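For reference, the structure is listed below as structure tokens.
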Amino acid sequence: MRHPMRLTVFVLGSAAMIALYVLAFARLPGQEAVRGQYLKLVNLTCVGLRHTTDAVTAVNFDYRGFDTLGEEFILFVSVMGTLVLLRQHEEKGGEKRPDAAEPQRAVEPSDTLRVWTLGMTGPTVLFGIYVVIHGQLTPGGGFQGGVILATAPLLIYLAESFDVFKRVTSHRWIEVAEAVGAGAYAAIGLVALFVGHEYLANVFPLGPSGSNINLYFGGTIPSISAATGLEVAAGFVLLLYAFLQETLASKGGGK
Amino acid sequence: MQLSILLLVAVAGGALVFTRVADRQAVGVSFFGLTLTLMFFIFQAPDVALSEIVIGAVALPLMVLLAIAKVRVAEMEQRENREKETARKKENEDAHGGQGAQHEQASIQEQRQQAEGA
């Protein structure tokens, strides 16, 4: 009896939704009209005033650096929250079964997979670092490169075992690296205050003008990008470690 | 080009919505991330495309898969515990029932003896 009623409400609601959606889209300005003054200004000024060629990274880490600081701390806090939740359970479980068997896989990885994945680990790390440090020149930056870096230990887990993954990732300094990465962003912003500018102003040397723009140009942008890369990579590795530990350890203990 | 990628995103997104099995959803979300990456790239946003490919196509499905594995393990443990408990209860009941039967037999014997004595 309730089902047809629910269906009618849904159909009426979605019909109204579609009608409004189409109406709203019909009124949208064309593709060219969207490009407002802000976009033009950023495109004009990012090479001259900031000595960078990637406008998106310039906006992220310089023009709108404060917004990105907030974004970075969203990530930081969510990683912390997940770790706190997972670790609590881990400690409880650890006391209950101190002799939990080491988790074994149902299927051992084949030689082809192992050789290929281990071979990919080095290039992945290199590519991650490349994306992090070339953020101001080409598309990329700290966030993207950081996640690429964090997939390298995952490749090791796929090719080897959780033990090897643990040996690579369970160091105390990964936690330190995450904290340092997040703190360095805020600290770079503070440097500007000491020189007498507003918070997160680009006060580092931009590089000589007139010469070809290269890796070391852009003032605070490469430094902030590197700090973000460190934070994101370490945060994701911690997250992966906690999830894998939680899943595999309880599986080993359950049997 | 732009229209076809939008259609692809729409089809992939629609298919994902109608997928009801969780593991398939994890694989589907990865494919959906890939189509979104293509869309961002074709609409001239390579920075967003890079973010999307590492988060949407790799990190998100991985987290979903790990969460599913975690839930399954927890469910398995719960079921095992429940089975153990029911088994224990059954054993207790059996033991109890056995004693009851012995009692009955004993009382029957007593009654018989009493009857014989009388």
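Of the residues A:Leu200, A:Leu248, the single one that is buried (at least 23 other Cβ atoms within 10 Å of the Cβ) and on the phi > 0 side of the Ramachandran plot is A:Leu200. Of A:Ala150, A:Ala184, all but one fail to be at pLDDT 90 or above and within 15 Å of A:Ile224 (Cβ to Cβ); the exception is A:Ala184.
Checking the condition more than 20 Å from A:Gln144 (Cβ to Cβ), more than 10 Å from chain A (Cβ to nearest Cβ) and of a type in the set (A, V, I, L, M, F, W, C), which residue from B:Ala87, B:Ala67, B:Ala57, B:Ala74 passes? After ruling out the rest, the residue left standing is B:Ala87.
Report, by residue number, each residue of region A:215-233 that is away from chain B (no Cβ under 14 Å) and either without any contact (Cβ under 8 Å) to a residue 12 or more places away in the chain or assigned to a helix (DSSP H, G or I) (or both).
A:Tyr216, A:Thr220, A:Pro222, A:Ser223, A:Ile224, A:Ala226, A:Ala227, A:Leu230, A:Glu231
Taken together, A:Ala182, A:Ala242 contain a single residue that is more than 14 Å from chain B (Cβ to nearest Cβ), assigned to a helix (DSSP H, G or I) and in contact (Cβ under 8 Å) with a residue 40 or more places away in the chain, which is A:Ala182.
Give me the residue from region A:27-43 that is away from chain B (no Cβ under 14 Å) and assigned to a helix (DSSP H, G or I) and, out of that set, modelled with the highest pLDDT. Break it down stepwise before answering.
Within region A:27-43, the first condition is being away from chain B (no Cβ under 14 Å), and the residues that meet it are A:27-29, A:33, A:36-38, A:40-41.
Next cut, assigned to a helix (DSSP H, G or I) only: A:33, A:37-38, A:40-41.
On the way: A:Ala33: 67, A:Gln37: 78, A:Tyr38: 79, A:Lys40: 81, A:Leu41: 85.
This residue is A:Leu41.
Regarding region A:163-178, can at least one residue be identified that is within 11 Å of another protein chain (Cβ to nearest Cβ) and under 16 Å from the mean Cα position of the chain (by Cα)? No, there is no match, as no residue in region A:163-178 is within 11 Å of another protein chain (Cβ to nearest Cβ) and under 16 Å from the mean Cα position of the chain (by Cα).
Name the helices (runs of 4 or more DSSP H) wholly inside region B:1-82 in which the number of residues that are crowded, with 17+ Cβ neighbours inside 10 Å and in contact with a His (Cβ under 9 Å, 6 or more places away or on another chain) is 2 or more.
Numbers: elements: B:2-18, B:22-42, B:46-54.
Once the helices (runs of 4 or more DSSP H) in region B:1-82 are filtered for at least 2 residues that are crowded, with 17+ Cβ neighbours inside 10 Å and in contact with a His (Cβ under 9 Å, 6 or more places away or on another chain), nothing remains.
It is to be established whether one or more residues within region B:14-36 are over 27 Å from the mean Cα position of the chain (by Cα) and of a type in the set (Phe, Trp, Tyr). Steps first, answer last, please.
Going residue by residue through region B:14-36, those that are over 27 Å from the mean Cα position of the chain (by Cα) are B:35-36.
Those still in the list that are of a type in the set (Phe, Trp, Tyr) too: none.
Checking region B:14-36: not a single residue is over 27 Å from the mean Cα position of the chain (by Cα) and of a type in the set (Phe, Trp, Tyr).
Would you call A:Gly140 outside any helix (DSSP H, G or I) and not basic (Lys, Arg)? Yes; evaluated as a whole, the condition is true for this residue.
Candidates are the residues of region A:44-82 that are within 17 Å of A:Ser209 (Cα to Cα) and surrounded by fewer than 21 Cβ atoms within 10 Å (Cβ to Cβ); the one that is nearest to the other protein chains (Cβ to nearest Cβ) is A:Thr53. For region A:128-159, a residue qualifies if it is touching a Pro at 6+ places or on another chain (Cβ under 8 Å) and more than 14 Å from every other protein chain (Cβ to nearest Cβ), and the qualifying residues are A:Ile133, A:Ala159. Which pairs do you get when a residue that is in contact (Cβ under 8 Å) with a residue 60 or more places away in the chain and of a type in the set (Phe, Trp, Tyr), found in region A:60-77, comes within reach of a residue that is outside any helix (DSSP H, G or I) and buried (at least 19 other Cβ atoms within 10 Å of the Cβ), reach meaning Cβ atoms under 7 angstrom, with the pair 6+ apart or on two chains? The qualifying pairs are A:Phe66/A:Leu200.
The values are calculated or read from the model by the stated rules, or taken from the named source; none is laboratory data. Model, not experiment: these values are computed from the prediction. Quick reminder, even Gly has a Cβ in these numbers, built from the backbone with ideal geometry, and neighbours come from all protein chains shown.
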